[in-house]
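The values are calculated or read from the model by the stated rules, or taken from the named source; none is laboratory data. These numbers were taken from a predicted model, which means no experiment stands behind them. Here Cβ is always computed from backbone atoms with ideal geometry, including for glycine, and neighbour counts include all displayed protein chains. Ligands, DNA and RNA are stripped out before the accessible areas are found, and what is left, the full protein with its side chains, is counted by its heavy atoms. Shrake-Rupley method; radii C 1.70, N 1.55, O 1.52, S 1.80 Å.
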Amino acid sequence: MSRRVRRKGAQSKDKVISQTYSEISYSETSHLETKRELDWTSLPDDTVLQLFSYLNYRDRANLASTCKTFRVLGSSPCLWNSLDLRAHKCDPSIASSLASRCSKLQKLRFRGSDAANAIMNLQARDLREISGDFCRDITDATLSVMAARHEALESLQIGPDFCEKISSDAIKAVGLCCPRLKRLRISGVREIDGDAINALANCCKQLGEIGFMDCVNVDEAALGNLMSVRFLSVAGTRNMKWSSVSLFLGKLPNLVGVDVSRTDINSTAVSRLLSSAQRLKVLCALNCPILEEEGNYGVYNVKGKLFIALFTDIFKGLASLFADITREERNVFWDWRNSKNVDKDLNDVMNWLEWVLSHSLLRVAESNPPGLDSFWLSQGATLLLSLMQSLQEDVQERAATGLATFVVIDDENATVDRGRAEAVMRDGGIHLLLDLARSCREGVQSEAAKAIANLSVNAKVAKAVAEEGGISILANLARSMNRLVAEEAAGGLWNLSVGQEHKGAIADVGGVKALVDLIFKWPSGGDGVLERAAGALANLAADDKCSIEVAMAGGVHALVLLARSCKFDGVQEQAARALANLAAHGDSNGNNAAVGQEAGALEALVQLTRSPHEGVRQEAAGALWNLSFDDRNREAIAAAGGVEALVALAQNCSNASQGLQERAAGALWGLSVSEANSIAIGREGGVAPLIALACSDAEDVHETAAGALWNLAFNPGNALRIVEEGGVPALVHLCSSSVSKMARFMAALTLAYMFDGRMDEVALVGPSSEGISKSVSLDSARRMALKHIEEFVLTFSDPQTFLAAAASSAPTSLAHVAEAARIQEAGHLRCSGAEIGRFVAMLRNSSSTLRACAAFALLQFTIPGGRHAMHHASLLQKAGAARILRAAAAAATAPIEAKIFAKIVLRNLEHHQVEALL
Amino acid sequence: MVIKHMIEDDCADNGIRVPNVRGEILSLVVAYCNKHGPVQNDSEDNSRSDELKTYDADFVKVDQATLFHLILAANFLNIKSLLDLTCQTVGDMMKGKTTEEIRKMFNIKNDLTPEEEEEGLIWKNLVVASTPEGEEEFRGENQWSYEIW
């Protein structure tokens, strides 16, 4: 609390500083000018246009709508020569409404097949460049119309997603309609026949670059007719007849660069191509399995021609093109970009190479073939970083996506390869990525944020990201109006928030608020952004201070909103986990109660325990467990049908993950704190599944189940059920052999409740004939239980120290015993007055074992330093237990453990009394 | 560099007039140029560029009136880097703001006819409020770590 107040103070202080600063410069600047008299619309047009150029479309639209002057300037064609619609929904009517701005549009990027259909409505007849991605469903009709409506088209790029519905017809239409076409790149077409290629060859005399990537069939012979083509990529294309390809391509007079990456080309075809194509300068063959198997690398050394493969030194090869300007091979891209006197041909080669390299590296990173570790470490990572500094926006983006992808070596288990991540970091990648994330282009922002997010799974990288200021950059991006950007930024914050040391930093830069706002901004915005936001909030809420910030930012409402109304499993899971973590701070802040008071929260969580998705059930049960810590929540959960739902969950979790088993048992433990719930749980059939869980080998599971059974056993009816369901052997087993002291302790206490005599009253009510056999079997169960309770207590007593303590009763010897007997985690257990009263009564039980056990339990509950020790001491005081304890400590017939433990409890009580007085 | 010469001239002659630019603003511009001027552009000193970044960031922490006049001065004196810096600063102030917020912040009077405003609204709503489509399908490269309390 104090920390928050202090930061508030610091903030307002900042403001004051800048205010005084501005006041000073104010009085300096002018005596008469107030803000009111500044006329921003009087700025020269050029400067206003420059201002506009720094804004994205949304901001431009907002500025343009302020007044006439800006409206006119805002529609200047120079501001609208390029449009990136990728982050926007684009249907025909939206596109039509944009048409008034698009008369001079030159460059367009869009996403999705629907948008592909709609862009004709932009009526941008002057378009020179169209680039579309995620167009799996684009049809021949759409592509043909696109070509027919944009006759001035010079560059057309559809991919990298496969366009399986596209046939030769559409390619032919492109050739016939767009005579000025200079570049055509298309991916995943099933067949590109001779007709289509010949149409391109005959109509598009300036066609200099072709990319038929990942196609199934391409007519090799027709490729030989593309006289104007300088750069050709058939990367990933199958069924190429390589022997004839080199023959046909060899005839092309202008061919400078060929990309055959990810194909089954062999060394014979490569060397034939290298020797037959006269002007060929670069042959790129990344990840061609046959070449890599064949070895025989010598045949690729052809003078004046650069051969690029995973097994060649790519930087060295590229540097050979720039022998005059580059000193350091690794800097070759940088040197090239900064050199002013590179001839145009070489520039073209490099721009094309950047594109094909980024394309193939991303593809290779996606398929993640084995055996490429050394490639990635020795040059792949550096290449991606070099490409990320490209002047071509889509190369930058693809390189960043490549970085995000290649570090993940196992999708299933979210494994980020340490070596690869650290290689990126070593090469200055974090700095570069953060720079990109800070750029004003949203496409690059989102890819950079994605890469930062994935890399940050590695703790070292996460640390570097934080140190380089990445947290505030990501928090800024999370406020983006572009959902794709915000989504990746939230992912970054999610991964960073894993580190305890980063949580506070995220909160300090307003990240918590930004994340909560994301949920309000896109309440139905798809699973991606919501899952990441909720996941990040969940991690943040695990920290006490941050959890307060989450609540202050409206996080409780937002997360409950998700738990109630979001239909995506992933989002539900993270929202429930976040609510669980918010409620995990028990009495140290008010969030627990706040969650319960949020309308519909508990009902929604109860409902989520019935989800078909295991993760959702687990987190919902975890949330209910934590929430049941609060008295009112506990009753409200029961009222919302929580008992039935959680018993059902426990009954059906025998094959579930340990996490789910633990939380199902835990939630029942939490609810069973009140006896009414206990009775309901027993009635609903909760005893049997809890016994089953108590038999689990997993420590966390059986410990939690033991806790629940302990609470249930307080009620004699439940105690009887436990016996009937075969719980005694299970508990006896736990009590004697669990590796967890807590599990043994709680199992012993369960057995003590069961056999301290109260159950007999219930057990004997029943048909008398059954009564006898029941009491017989009860007797043997009781004997077994008491025997193990006794053994359990004895494991905490060392005869020597006991004798010493009994003889001297000096404080130090008692302290020794107490220390040896102490079960650390038992300090977290909180007992009600009734429970404490039951142990006090047990001090006078006829069984000496139970007397010792009761004294042992009270010792645990009152050890100074325990979280609830004071509470327990005052309950004991109220119950007048001191007299009984003294009697127990002095009893002649009692076992020595009972006496010593009772003495220690008395000592503990004195300690608390003194403390209370102080 | 242009301004560097101008300033040198200015100092030498002590008499060149720079109309339309107030003295206080000019002194800020001179300070800016002195900071940016002396080192040649091709020096690739990282610490220097970081230093300049910090300087720039502090330099534009001024009130609106000063910023306004700095833009005018930078435009008039043709100092590209200063114009970029100041326009970027104003641009940053506008980012993410609604039309109404921008009007308020920069004291811009709404003189649009209802029709014009309507047109603007359509355009804005279409671009602003349109939700991105949900069909994008990332290739599972996003991996998240979980934390259990």
note = Inside the stretch A:292-311, the number of residues satisfying the requirement of being assigned to a loop (DSSP other than H, G, I, E, B), surrounded by 14 or more Cβ atoms within 10 Å (Cβ to Cβ) and at pLDDT below 90 is 1
request  = Exactly one condition in (1) modelled with pLDDT under 90; (2) surrounded by 14 or more Cβ atoms within 10 Å (Cβ to Cβ) is not met by A:His359; state its number.
outcome  = (1)
query = Is it true that some residue in the stretch A:408-420 is surrounded by 24 or more Cβ atoms within 10 Å (Cβ to Cβ), among the small types (Gly, Ala, Ser) and within 29 Å of A:Glu467 (Cα to Cα)?
reply = no
Checklist (1) open to solvent by 40 Å² or more (accessible area, probe 1.4 Å); (2) under 22 Å from A:Asp133 (Cα atoms) applied to A:Thr237, failing item = (1)
key: Criterion (buried (at least 18 other Cβ atoms within 10 Å of the Cβ), away from every other protein chain (no Cβ under 11 Å) and touching a residue at least 12 places away in the same chain (Cβ under 8 Å)) met by exactly one of A:Cys67, A:Cys90, A:Cys102   = A:Cys102
ask   = Which residue out of B:Glu101, B:Glu51, B:Glu115 is part of a helix (DSSP H, G or I) and either closer than 30 Å to A:Arg483 by Cβ or at pLDDT below 75 (or both)?
value = B:Glu101
note = Exactly one of A:Leu537, A:Leu530, A:Leu561, A:Leu579 is open to solvent by 10 Å² or more (accessible area, probe 1.4 Å), part of a helix (DSSP H, G or I), in contact (Cβ under 8 Å) with a residue 40 or more places away in the chain and not β-branched (Val, Ile, Thr), and that residue is A:Leu561
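Yes/no per residue for (1) among the small types (Gly, Ala, Ser); (2) over 25 Å from A:Glu354 (Cα atoms):
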| residue | (1), (2) |
| --- | --- |
| A:Gly175 | yes, yes |
| A:Cys204 | no, no |
| A:Gly211 | yes, no |
| A:Val216 | no, no |
| A:Asp219 | no, yes |
| A:Arg230 | no, no |
| A:Gly236 | yes, no |
task = Kindly indicate whether A:Ile171 is within 20 Å of A:Ser155 (Cα to Cα) and not acidic (Asp, Glu).
result = yes
request  = Those residues that are assigned to a helix (DSSP H, G or I), surrounded by fewer than 20 Cβ atoms within 10 Å (Cβ to Cβ) and of a type in the set (S, T, N, Q), I need them from the stretch A:128-171; list them, please.
outcome  = A:Ser144
key: Sole residue being within 19 Å of A:Thr750 (Cβ to Cβ) and surrounded by fewer than 24 Cβ atoms within 10 Å (Cβ to Cβ), chosen from A:Glu699, A:Glu614   = A:Glu699
request  = Any residue in the stretch B:92-112 that's more than 20 Å from A:Cys440 (Cβ to Cβ) and more than 7 Å from chain A (Cβ to nearest Cβ): show its pairings with residues that are open to solvent by less than 60 Å² (accessible area, probe 1.4 Å) and part of a helix (DSSP H, G or I) at Cβ separation under 8 Å, as long as the two are six or more apart or on different chains.
outcome  = none
task = State yes or no: is A:His868 surrounded by 18 or more Cβ atoms within 10 Å (Cβ to Cβ) and within 47 Å of the chain's Cα centre (by Cα)?
result = no
query = Can you tell me which residue in the stretch B:78-88 is nearest to the other protein chains (Cβ to nearest Cβ), limited to those that are surrounded by 20 or more Cβ atoms within 10 Å (Cβ to Cβ) and of a type outside the set (A, V, I, L, M)?
reply = B:Cys87
note = Within the stretch A:389-407, residues being of a type in the set (Ser, Thr, Tyr), over 22 Å from the mean Cα position of the chain (by Cα) and over 16 Å from A:His431 (Cα atoms) number 0
inquiry  = Please count how many residues of the stretch A:733-759 are free of Cβ contacts under 8 Å to residues at least 60 places away in the same chain, open to solvent by less than 10 Å² (accessible area, probe 1.4 Å) and closer than 15 Å to A:Thr849 by Cβ.
reply    = 5
query = Among the residues of the stretch A:488-497, is there at least one that is under 18 Å from the mean Cα position of the chain (by Cα), open to solvent by 20 Å² or more (accessible area, probe 1.4 Å) and more than 9 Å from chain B (Cβ to nearest Cβ)?
reply = no
query = Has the stretch A:693-711 got at least one residue that is over 35 Å from the mean Cα position of the chain (by Cα), hydrophobic (A, V, I, L, M, F, W, C) and in a helix (DSSP H, G or I)?
reply = yes
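Just to be sure, is A:Asp214 crowded, with 21+ Cβ neighbours inside 10 Å and on the phi > 0 side of the Ramachandran plot?
For A:Asp214, the condition - crowded, with 21+ Cβ neighbours inside 10 Å and on the phi > 0 side of the Ramachandran plot - is met.
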ask   = How many residues does the stretch A:31-45 hold that are at pLDDT 55 or above, open to solvent by 70 Å² or more (accessible area, probe 1.4 Å) and of a type in the set (A, V, I, L, M, F, W, C)?
value = 0
task = With respect to A:Leu850, determine if the residue is open to solvent by less than 20 Å² (accessible area, probe 1.4 Å), farther than 23 Å from A:Ser674 by Cα and touching a Lys or Arg at 6+ places or on another chain (Cβ under 7 Å).
result = no
message = Take the conditions within 14 Å of chain B (Cβ to nearest Cβ) and within 13 Å of the chain's Cα centre (by Cα) and apply them to A:Asp527. Does it pass?
response = yes
query = Yes or no: A:Glu501 in contact with a Leu (Cβ under 7 Å, 6 or more places away or on another chain), open to solvent by 30 Å² or more (accessible area, probe 1.4 Å) and more than 9 Å from every other protein chain (Cβ to nearest Cβ)?
reply = no
task = Give the stretch A:761-815 a look and list any residue that's closer than 30 Å to A:Arg886 by Cβ, of a type in the set (Asp, Glu) and modelled with pLDDT under 80, or say none.
result = A:Glu761, A:Asp798
ask   = Does the stretch A:363-386 include one or more residues that are under 18 Å from A:Glu209 (Cβ atoms) and open to solvent by less than 30 Å² (accessible area, probe 1.4 Å)?
value = no
inquiry  = Taking the conditions exactly as written (surrounded by fewer than 18 Cβ atoms within 10 Å (Cβ to Cβ), over 40 Å from the mean Cα position of the chain (by Cα) and not aromatic (Phe, Trp, Tyr)), does A:Ser339 satisfy them or not?
reply    = yes
inquiry  = Going through A:Ala648, A:Ala594, A:Ala639, A:Ala656 one at a time, which residue ends up being under 23 Å from A:Ala694 (Cβ atoms) and open to solvent by 30 Å² or more (accessible area, probe 1.4 Å)?
reply    = A:Ala648
